[in-house]
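K.L.:
Please read through the structure below; I'll follow up with questions.
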C-alpha cells in the first residue's frame, strides 16, 4: 500500500536531523497557524500564491532562494565544523550523515539557492526593463515557480523521511546505481531536480520568448539593458542545456527503477557517458548562473558611477561569446579520466578562451568607473568585491584548465575553493547586489545601508578567511568530501577555514538583521520617487512598487539608456512629458494552476521516491487535470479601467515632478 | 590622467606584488608534502607548469585588481580633483587593448596547455635507462589493491616501489569510481570498472609518500589511503621476498572475500596472485564487487562500531 514507506525510515535514532527537522517543522507550522488564525490566508492566496504577476513571482523566487541559501549555509557550517573536529577523530557526523550533508549542500545551493535567486531577479526586473506589462506566458511563469518550490520541498522532506543522496551533488554512477546506493537518497535527488528542472526549462522558454518578442516600442536589441542581454543569454542556455539534464537523469532513473543498463557496471553500461552528459549540462549551468550576475554588475556599476556602461556593444559580444563557448568546454571537469593528450589540450584551450570574454567584461566595468562619480552604496560595494574576487577565481579557473596542473589539483580543496570563489564571488555577490539594488523597486523602501555594508564586509572577509586556507590545503593534497582525515599538515588550514566560517556566519546574521531593521524602519527608508539610485533603465520610470500593469502607457524608447534620456529631457526642459491618453489595460487573471499543479507534482514525486504506485497515478492525473481545466477557462484576462490607470500614473507623475524640482545631480 | 592614477598607485602596486610574493613563498614553504614539494620527475614538471601559469596570469591579474581599486577610489564622488566624464562610454583604442590583452595571454597559455598536455600525458612512458616496474592497481570498497604481476605478489593499502626507477601503473576499479593520487609524485588518474587507465610515475628519492583516493566513493572514502614507500632496489627485493613467504594467496575465492565492503583496512600482503586477475577484473570477467545490502550501511562497515 505504501511502497517502501514505513516507520523505520524516520531516523528516530539520530538526534541531530530529528532536532533540526523538528525546529523547521515547528517554524513552518507556527507560520501557517499565524497565517490562518490572523486571517491572512485569503490575502496570501489572492495576492501571492495564485498571482501571475512577474514581480510577485520574482519576489517569491527570491524568498525561496533566501530560505534555501540559509539551509545550504547550515549544511556548510556542519561540514566545516565536522572537518575542524575530525582530525584523527570521528567528529560528530558519521559518514552516512556527512555524505548526505555535502550532497544536499551542493544540490540546494545550485538548484534551490542560486538558480531561484537569479531567476527571481530576472522575473522582477526583465519585463520592467523591456518596458512591457508582463512576461510572455504569465501562468506558465507561476507554474515554473511552484515546480521549483516542489523540488526544494522534496529535498527538505528527505531530512525527516528517509535520507538524501550520499553521492555528491552530481550523482556519478556506478555509486548512484541501486547496487551501491540502494536507499531512496538518490531517488529524492532525481525527482527533486527533475521536477524543478521542468520549471527551470519553462522559465527559459518564457524569457527567451519575452525578450525576443515583447519589447517596448523602439526597444531594438541594441537598446536593451545589459541585464536583459545576459538574461537572454542565460535563458538560451537554459533552453539548450536543461533538456540534457532531464535526459541524463531520466536514464539514471530508468537504471534505478527498471533495471536498465545505461550507466551500470554490468551489461555494457557506460558510466563515462553519464559524466560527459551531466557536464554538457553542468558547465553551461555555471554560465546560466553567472551571466545574469554579470548583467546586474553592469547595471549597478553604471548607475553608481553616474555614467553609461563603457563599451556596450563589446559587452554584448562578450556575453554571446561566453554563451556559445560555454558549450564547448565540458570535458575539463574530467581531464583526469584518461582522455588522452589531444582531447585534454583541446578542451583546456577552449576553456581558457572563455576567460577572454570575462576579461573583456572586467576591463569594461573598470572603464565604466573611469571618469565617473562613484557612490559607494551597498550594491556598488558588492560589485567592487566581486571584481577583485572574481579575477582571482578566474585565475585559479584558468589554472585548472591547464591539464598538467589539473592532474595535481583535481578534486582537491583547491578545486572546491576555486568554484566557491567564482560562485560566491560572482553569482552570490551579484545576487546580493541585485537584491539591495532592486529591493526598493519591489517593496517601496530601501534596505538599511549600515547593516548592508556590515554584511558585505563580514561576508567578504569571511569568504577570504574560509577559502584561502582551502586553496592552501588543496595544494597540500587534501581531497574534498572527507568525513575525517589523518594528515597533520592539513589540520591548521582546516581550523583556519573554520574561523572563516564563523566570520561568514556573522555576515549572514547581519543580512538577516538588515532585513528586519529595514522592515521596522520602512517609513524612514521609504522610496517616494520610484528612482532611489538615480537609475538609467526603464524599471526606474515606474513607481515603487510598480502597479500591476507596470506602465500606464508603454514607453517609446529612443536610445540605449531609455529612462536616463527621458529624465535628462525633463531636467533640461524642467517639466515632465505630456500626460499620455489613458486607456483601459487588460491584464492576465490570477490562476491557481501553478500551485495546484505543483501540489500534485509533489505528491507524484514523493510517491515515485517511495514506489507508491497508486499515488503516482493520482498525482500525474491530478496535474494533468489541472492543466486541462486551465486550458478550458473562458476569461483569461480582466480590465483595469482608464480612470484607475490615470489615478495611479498621476500619483507617479507628481512624485517625479517633486523629484525634478529637488534634483541636484552629480557634481559636474 | 590615466597615467597619473597609475603613478599614484605605484606604491599600491608594489605592495600588492609584495603581498602576493609573500603569500606564494609562504605557500611554497608551508607545502611540505604537497603538490608544490614534488619528489619525482612527473610531479616536478607539473609543478613547473602550475607555477609558470600562475606567474603569467598574475602579471595581468595584479595590475587589474590594483587598477580596479585605484579607479574606484580616485573617481569617488567626494574627490574634487577627479574629472567627471558623464557621456564617455566608448573608445576604440581602449576596446582594442581590452580585447588584445586577454587574447594574447590566452594564446601564450594555450601553447603551454598544448605542449604540457602532450609532454605530461599520463599514458606516456618516462625517459629512463631502467625498465619500468609494472604495478596493477584495483580500487575496492574501500581499500587499494596493488598487484605486482612480475613478482607475483600483491599488497593492500601499501605500495612499495624502488626509488629512481619508473613505475607503470595499470588501473581499474572493482566497484565505483575512485582516483589514484600520490600528491608528491604528481599526476592523478581515475579508476573505473570495465576500463583500464594508465599512469607513469617515478620517485627520485627514498621516502614515504602519502597517497589516497581523490574521488568520493562512499562511506569508507576517508580511509582509502595508503603509503607509498620508495625504497632502494635491494630493499624492494627484500619486500618481495618477505611478501612471498607469508600471508594468503590471492585467488578467486580470497578476492571475493576482499571485494566485500570494509573500512580502514590495515596494510597487508598476499603471497601470490592468480594469473590474469587484474585483466579479469578490468574486463568484468569476475563480477563487479557488491555494494551494501540495505539503505544504510551494514553494521560491520560502520566506523561507529569500529568495523
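Just so it is clear, none of the values below were taken in a lab; they were calculated from the coordinates. Bear in mind that the values here come from a model prediction, so they are computed numbers and not experimental data. Using ideal geometry, Cβ is built from the backbone for each residue, glycine included, and neighbour counts are taken over all protein chains shown.
K.L.:
Would you mind giving the mean number of other chain beta-carbons within 10 Å of the Cβ of each residue in B:104-112, as a whole number?
P.N.:
Per residue, the average neighbour count from other chains is 5.
K.L.:
Just to verify a number: FRET efficiency for residue B:100 and residue B:234, C-beta to C-beta distance, R0 = 35 Å, to 0.05?
P.N.:
0.05
K.L.:
Oh, and also: R0 = 56 Å: FRET efficiency of residue A:620 with residue A:37, Cβ-based, nearest 0.05?
P.N.:
My answer for the efficiency is 0.95.
K.L.:
Using the alpha-carbon centroid of each, what span in Å lies between the stretch A:10-24 and the stretch B:259-277?
P.N.:
Cα centres, the stretch A:10-24 to the stretch B:259-277: 39 Å.
K.L.:
Sort the following peptides by mean Cβ neighbour count (other Cβ atoms within 10 Å, averaged over residues), highest first: A:287-295, A:466-474, B:55-63.
P.N.:
A:287-295, A:466-474, B:55-63
K.L.:
Relative contact order, percent, of chain A when contacts are C-alpha pairs under 8 Å separated by at least 6 residues?
P.N.:
In percent, rounded to a whole number, it is 17.
K.L.:
Average partner chain C-beta neighbours within 10 Å, per residue of B:176-183?
P.N.:
Counting other chains' Cβ atoms within 10 Å and averaging over B:176-183 gives 6.
K.L.:
Mind checking A:486-493 for the average number of partner chain beta-carbons within 10 Å of each residue's beta-carbon?
P.N.:
Mean shielding by partner chains, rounded to a whole number: 3.
K.L.:
Less than 19 Å from a label point 7 Å out along the Cα-to-Cβ axis of residue A:449: which backbone N atoms in the stretch A:526-554 qualify, by residue?
P.N.:
A:526-536
K.L.:
Take the alpha carbon gyration tensor of the stretch B:204-295, find the square roots of its eigenvalues, order them as a ≥ b ≥ c, and report rounded if a/c is under 1.5; if not, report prolate when a/b exceeds b/c, else oblate.
P.N.:
Note, shape of the stretch B:204-295 comes out oblate.
K.L.:
Using only Cα positions of the stretch A:1-41, each an equal point scatterer, no hydration layer, compute I(q)/I(0) via Debye at q = 0.25 Å⁻¹ and quote the log10 values to two decimals.
P.N.:
The computed values of log10 I(q)/I(0) come out as -0.80.
K.L.:
Helix A:15-37 against the longest principal axis of chain A: what's the angle in degrees, Cα atoms only, rounded to the nearest 10?
P.N.:
The answer is roughly 30 degrees.
K.L.:
Going by a ≥ b ≥ c, the root eigenvalues of the Cα gyration tensor, does the stretch A:39-175 fall in the rounded group (a/c under 1.5), the prolate group (a/b larger than b/c) or the oblate group?
P.N.:
Prolate shape, in that a/c is at least 1.5 and a/b is the bigger ratio.
K.L.:
Would you mind listing how long the protein assembly as shown runs along its three principal axes, going by Cα atoms, in whole Å with the largest first?
P.N.:
Principal-axis extents of the protein assembly as shown (Cα, largest first): 100, 75, 42 Å.
K.L.:
Tell me what the protein assembly as shown gives for mean residue ellipticity at 222 nm when only DSSP H runs of n ≥ 4 count, each as -39,500 (n - 2.57), the sum divided by the residue total, rounded to 500 deg cm²/dmol.
P.N.:
Result for the protein assembly as shown, helices only: -19000 deg cm²/dmol.
K.L.:
With the Cα gyration tensor of the stretch A:459-498 giving a ≥ b ≥ c as the square roots of its eigenvalues, does the rule (a/c under 1.5 for rounded; else a/b larger than b/c for prolate; else oblate) give rounded, prolate or oblate?
P.N.:
prolate
K.L.:
How far apart, in nm, are the 7 Å Cα→Cβ label points at residue A:261 and residue A:328?
P.N.:
Distance between label points: 3.7 nm.
K.L.:
Quick check on packing: order A:129-137, A:558-566 by the mean number of other C-beta atoms within 10 Å, highest mean leading.
P.N.:
Put in order of decreasing packing, that is A:129-137, A:558-566.
K.L.:
Right, another one. Distance from the Cα centre of the stretch A:96-155 to that of the stretch A:227-297, in angstrom?
P.N.:
16
K.L.:
Which order do peptides A:213-221, B:268-276 fall in by mean Cβ count within 10 Å, highest first?
P.N.:
Per-residue Cβ counts within 10 Å, averaged per peptide and sorted highest first, yield B:268-276, A:213-221.
K.L.:
Take the Cα gyration tensor of the stretch B:74-155, multiply each eigenvalue by 5, square-root it, and list the three semi-axes largest first, rounded to whole angstrom.
P.N.:
Calculated on Cα positions only, the semi-axes equal 60, 20, 10 Å.
K.L.:
I've got another one for you. On a 0 to 90° scale, report how tilted helix A:642-662 is relative to the longest principal axis of chain A, with both axes built from alpha carbons and the result rounded to the nearest 10.
P.N.:
On a 0 to 90 degree scale, this one is about 80.
K.L.:
Using only Cα atoms, find the angle between the long axis of helix A:138-157 and the longest principal axis of chain A, and express it within 0 to 90 degrees, rounded to the nearest 10.
P.N.:
Once rounded, the angle reads 30 degrees.
K.L.:
So if I take the centroid of the Cα atoms in the stretch A:489-554 and the same for the stretch A:394-420, what is the distance between those two points in Å?
P.N.:
Between the Cα centres of the stretch A:489-554 and the stretch A:394-420 lies a distance of 32 Å.
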